Amino acid sequence: MSEHATGDDDLRTDGERRAAEALAAAGVTHERTRHGRVSSLAEAAAARGVAPADLLKTIVVRRGDDDYVLVLVPGDRTIAWPRLRALLGVNRMSMPDAATALAVTGYERGTITPFGTTHTWPVVADERVRGHRVSIGGGGHGVGFTLDGDDLVQALSATVADVTDPEE
């Protein structure tokens, strides 16, 4: 069961507070949903009332020493590494371990959102984010923000490109 939150009185973690404050500061109309922990992306999408393709994963990617990028990936897709490397002009990229992802974003895996990170990193949004409502992490386990994909891209000054492939 999910509960729809409108006020900030029920923000339960520092991560949730940071994410909500950053999203509010960006002036983006959104809905926050708290649904508790789920065991799959499909469960999270259902709890938030969106299709799995519209639930965005925020993936932390290391492109150099102390140089990271956040990539917004639709739930039914995976990063197309050759296209992402070409877009960013690098030959090698990697995904950091969980401890490093926490250190560079302030969020645990499973809670990462581009809003309220402890360091501002560039954001790349797959082109499929635009043109409809999407849901992203809300800074805590089982918390999400649902908002217009175009507003999301604009608020984050995200680079938009075709950087994903269908999951197999």
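The values are calculated or read from the model by the stated rules, or taken from the named source; none is laboratory data. Worth saying up front: this structure is predicted, and the values here are computed from it rather than measured. Every residue, glycine as well, gets a Cβ built from its backbone with ideal geometry; the counts of neighbours run over all protein chains shown. SASA here: full protein model, heavy atoms, side chains in, ligands and nucleic acids out. Shrake-Rupley method; radii C 1.70, N 1.55, O 1.52, S 1.80 Å.
Overview of results
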read-out	value
Ser94 being at pLDDT below 95, farther than 19 Å from Val160 by Cβ and in contact with a strand residue (DSSP E or B) (Cβ under 8 Å, 6 or more places away or on another chain)	no
Those residues of the stretch 92-114 which are among the aliphatic types (A, V, I, L, M) and free of Cβ contacts under 8 Å to residues at least 24 places away in the same chain, in sequence order	Ala98, Ala99, Leu102, Ala103
Whichever residue in the stretch 97-141 is over 16 Å from the mean Cα position of the chain (by Cα) and more than 16 Å from Leu72 (Cα to Cα) and, among such residues, is least open to solvent (accessible area, probe 1.4 Å)	Thr100
Filter result for Thr117 (more than 15 Å from Arg32 (Cβ to Cβ), of a type in the set (Ser, Thr, Tyr) and either in contact (Cβ under 8 Å) with a residue 24 or more places away in the chain or in a strand (DSSP E or B) (or both))	yes
Residues of the stretch 142-168 satisfying the condition of being in a strand (DSSP E or B), crowded, with 19+ Cβ neighbours inside 10 Å and of a type in the set (A, V, I, L, M)	Val143, Leu147
Contacts under 6 angstrom Cβ, first residue in the stretch 126-146 being in contact (Cβ under 8 Å) with a residue 24 or more places away in the chain, partner among the aromatic types (Phe, Trp, Tyr) and open to solvent by less than 60 Å² (accessible area, probe 1.4 Å), 6 or more apart	Ile136/Phe145; Gly138/Phe145
Of all residues in the stretch 70-91 being touching a residue at least 12 places away in the same chain (Cβ under 8 Å) and open to solvent by 50 Å² or more (accessible area, probe 1.4 Å), the one that is nearest to Ser40 (Cα to Cα)	Asp76
Some residue of the stretch 27-42 being in contact (Cβ under 8 Å) with a residue 60 or more places away in the chain, under 21 Å from Gly149 (Cβ atoms), open to solvent by 70 Å² or more (accessible area, probe 1.4 Å) and among the polar types (S, T, N, Q)	yes
Any hit, the stretch 50-61, residues being buried (at least 17 other Cβ atoms within 10 Å of the Cβ) and at pLDDT below 95	no
Qualifying residue in the stretch 57-66 (condition: within 17 Å of Leu147 (Cβ to Cβ) and not in a helix (DSSP H, G or I))	yes
